[in-house]
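These notes concern the structure reproduced below.
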Amino acid sequence: METTRADVAIIGAGGAGLRAAIALAQADPKLKIALVSKVYPMRSHTCAAEGGAAGVIKADDSLEHHFDDTVGGGDWLSDQDAVDYFIGEAPKELIQLERWGCPWSREANGSVAVRPFGGMKKQRTWFAADKSGFHILHTLFQTSLQFPSIERFDEFYATELLREDGRVAGFTAIEMRSGQMRRFDARAVIICGGGAGRIFPFTTNGAIKTGDGMALAYRAGVPLKDMEFVQYHPTGLPSTGTLLTEACRGEGGVLVNRHGRRFLQDYGMGPETPLGRPVLKTMELGPRDRVSQAFWQEQQKGNMIPTQWGDAMLLDMRHLGEAKINERLPLVRDMSISYMGVDPVTDPVPVRPVVHYMMGGIHTDLKAATPLPGLFAAGECACVSINGANRLGSNSLTELLVFGRRAALSAMEYLQSGARAASESALATGADAARGRLRELLQRTGGKETVAGLRREMMHTMEANAGIYRTHEGLAEACVKLADLRRRYRAIELHDKTNVYNTDLLQALELGSMLDCAEAVAQCALARKESRGAHQRLDFAARDDRNFLRHSLAVFDPGASPRIEYLDVVITKSQPGVRDYSGGHE
């Protein structure tokens, strides 16, 4: 087995992974950094983000406002020490991106432009038209190329973490081009592998979002935190699930039901306001969980619009005018025409809520460190937690930057504390065991289960029982079904036994990760007997701070369902209160 040795190895080369690699290379040019990704970096899902990145920059805004919006938006499940760190670092990271060449959109006077975003009472979302993630990722990637200490390993799929004496020692990965397994020895590992939205059938997430990084840490004994909180974005295209950014509403787009009524005023999100105002009252800029839940409520009343893909509402941007749409929302116009045959300049666009983001992930502290010494995590695969029960739009791109850098600094501190390389015998033993498990999967015969069949059943189960609203009966059914799918997964047979770009094998491994993540979601949701943020129980409709102002921790058990434990939320200055969006944006 070929071996690559590095001081720090990073799994995932999207926004968080690239930011971590750059920070490491800047801190010590002598470090050997391995950047390992299952796709070419510019195909990472950061590229798909459209709306923008949040950071205080305008005179009428403040860190206190950003703190209050984030903690309140997260329904007080956010760790407030982590939020404090995040909001303080956010403007520095966004300014740093500009210095590296990110083409932020500008005001008429040349200053950075900001737009309103859901759940934020001030305009603080920096943007580059509606291709913000694309430009951020380009900026980070081109910046990373100047550092020779960063060695990229594109199209490698990480399979298992290696450990010795209770600390991380590296990992194994499959080189897709050859099918050969490689061992990555590293004194510290940073996981930046993205979310797991593909456990649901209707999602804005690309095919690569299969929870691989989460599952790596989970199987190595690191808990997954707050996995029950899965965010629906209110405005996905019914035909494909493709995201129409929140910036559509930030620029003034409105949501109406089949009767042409702006129905959000009926769900505690403020009175209707005249069209064309520069900044709308809350209404369409309510937080994503509340807007998605309002859609469900209207759907139950029969007020939504039937389409061949299911019920939808209408996103009306016609009053913005062609010039503004072309300047601020060109990608949105192109996608609406391409995928729905609707031009937002002339017609309202059908949209519906779609799974978009996971607030939960690998359990870390505010320094991005996991309980496993030497292992760090950042980005959507991690749960710090700044997002709590509901992430505010545009906080996530900034989170990639802030905690990608923080993970790098923590890894440096860990190396400087005297972390030593693992012994060759421990690394070889672990790698041989990983290779043996892979060989067993490839050589398996006689199995009747297929990857596609199990994946379809998993997605149907999650959509039916763990969606916008949940019940005890539905979640209990999901837990039983997912446990059965995990059992049946052990009997799948691969039809492709070759080595070169074996997508059959890769999809089987991804399915294993998704099943682990899906079961953590369902079990945590069943155990949380309250409604908070993106987790809504029809049978427990109220928020229960007395019993559930706590983070859930799913602990992996290879032979059974995960064990659910709890951890107190860190509260420093904001006591739990009422989430009120009946007022307006100032």
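The values are calculated or read from the model by the stated rules, or taken from the named source; none is laboratory data. Given the structure is predicted, the values throughout are model-derived calculations rather than measurements. In this analysis, Cβ positions are derived from the backbone assuming ideal geometry, glycine residues included, and neighbour counts consider all displayed protein chains. Accessible surface is based on the protein model in full, side chains and every heavy atom, while ligands, DNA and RNA are left aside. Shrake-Rupley method; radii C 1.70, N 1.55, O 1.52, S 1.80 Å.
What to note about this one:
- Any pair with Cβ under 6 angstrom, 6 or more apart, that starts in segment 165-184 at a residue that is closer than 14 Å to ASP432 by Cα and touching a residue at least 12 places away in the same chain (Cβ under 8 Å) and ends at one that is in a loop (DSSP other than H, G, I, E, B) and among the hydrophobic types (A, V, I, L, M, F, W, C): MET181/MET1; ARG183/MET1
- Any chance ALA25 is of a type in the set (Gly, Ala, Ser) and out of contact with any Gly (no Cβ under 8 Å at 6 or more places or on another chain): yes
- The listed residue being free of Cβ contacts under 8 Å to residues at least 24 places away in the same chain and either of a type outside the set (A, V, I, L, M) or assigned to a helix (DSSP H, G or I) (or both), out of GLN146, GLN142: GLN146
- Search result, residues across segment 194-252 that are crowded, with 24+ Cβ neighbours inside 10 Å and of a type in the set (Phe, Trp, Tyr): PHE200, TYR218, PHE229, TYR232
- When each of ASP130, ASP185 is tested for being of a type in the set (Asp, Glu), surrounded by fewer than 21 Cβ atoms within 10 Å (Cβ to Cβ) and either touching a helix residue (DSSP H, G or I) at 6+ places or on another chain (Cβ under 6 Å) or not in a loop (DSSP other than H, G, I, E, B) (or both), the lone residue that passes is ASP185.
- Meets criteria (of a type in the set (A, V, I, L, M, F, W, C) and either open to solvent by 40 Å² or more (accessible area, probe 1.4 Å) or out of contact with any helix residue (DSSP H, G or I) (no Cβ under 7 Å at 6 or more places or on another chain) (or both)) for LEU515: no
- Checking each residue in segment 408-431 for being aliphatic (A, V, I, L, M) and exposed (fewer than 12 other Cβ atoms within 10 Å of the Cβ) picks out no residue at all.
- Condition check for VAL355: of a type outside the set (Ser, Thr, Tyr), open to solvent by less than 10 Å² (accessible area, probe 1.4 Å), modelled with pLDDT of 95 or more and more than 18 Å from MET227 (Cβ to Cβ): no
- Whenever a residue of segment 445-464 is surrounded by 13 or more Cβ atoms within 10 Å (Cβ to Cβ) and modelled with pLDDT of 95 or more, its partners that are in a helix (DSSP H, G or I) and of a type in the set (Ser, Thr, Tyr), lying with C-beta atoms within less than 8 angstrom and at least six residues away or across chains, give the pairs LEU454/TYR489.
- Qualifying residue in segment 498-506 (condition: farther than 25 Å from ARG182 by Cα, in contact with a strand residue (DSSP E or B) (Cβ under 9 Å, 6 or more places away or on another chain) and surrounded by fewer than 23 Cβ atoms within 10 Å (Cβ to Cβ)): no
- Residue match in segment 196-203 (condition: modelled with pLDDT of 95 or more and part of a strand (DSSP E or B)): no
- Conditions (1) within 19 Å of the chain's Cα centre (by Cα); (2) touching a residue at least 60 places away in the same chain (Cβ under 8 Å); (3) under 30 Å from GLU175 (Cβ atoms): number failed by PRO558: (1)
- The residues of segment 88-115 that are part of a helix (DSSP H, G or I), surrounded by 11 or more Cβ atoms within 10 Å (Cβ to Cβ) and of a type outside the set (Gly, Ala, Ser), listed by number, are GLU89, PRO91, LYS92, GLU93, LEU94, ILE95, GLN96, LEU97, GLU98, TRP100.
- Residue match in segment 490-497 (condition: exposed (fewer than 14 other Cβ atoms within 10 Å of the Cβ), at pLDDT below 95 and either of a type in the set (Gly, Ala, Ser) or assigned to a helix (DSSP H, G or I) (or both)): yes
- Restricting attention to segment 295-312 and to residues that are closer than 27 Å to ASP69 by Cα and in contact (Cβ under 8 Å) with a residue 60 or more places away in the chain, the residue that is surrounded by the most Cβ atoms within 10 Å (Cβ to Cβ) turns out to be PHE295.
- Scanning segment 11-49 for residues that are farther than 19 Å from ALA196 by Cβ, aliphatic (A, V, I, L, M) and out of contact with any Lys or Arg (no Cβ under 6 Å at 6 or more places or on another chain) yields a count of 11.
Quick grid of which residues meet (1) out of contact with any Gly (no Cβ under 9 Å at 6 or more places or on another chain); (2) over 29 Å from GLU380 (Cα atoms); (3) part of a helix (DSSP H, G or I):
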| position | (1), (2), (3) |
| --- | --- |
| LEU400 | no, no, yes |
| ALA411 | no, no, yes |
| SER425 | yes, yes, yes |
| ARG435 | yes, no, yes |
| THR461 | yes, no, yes |
| ALA464 | no, no, yes |
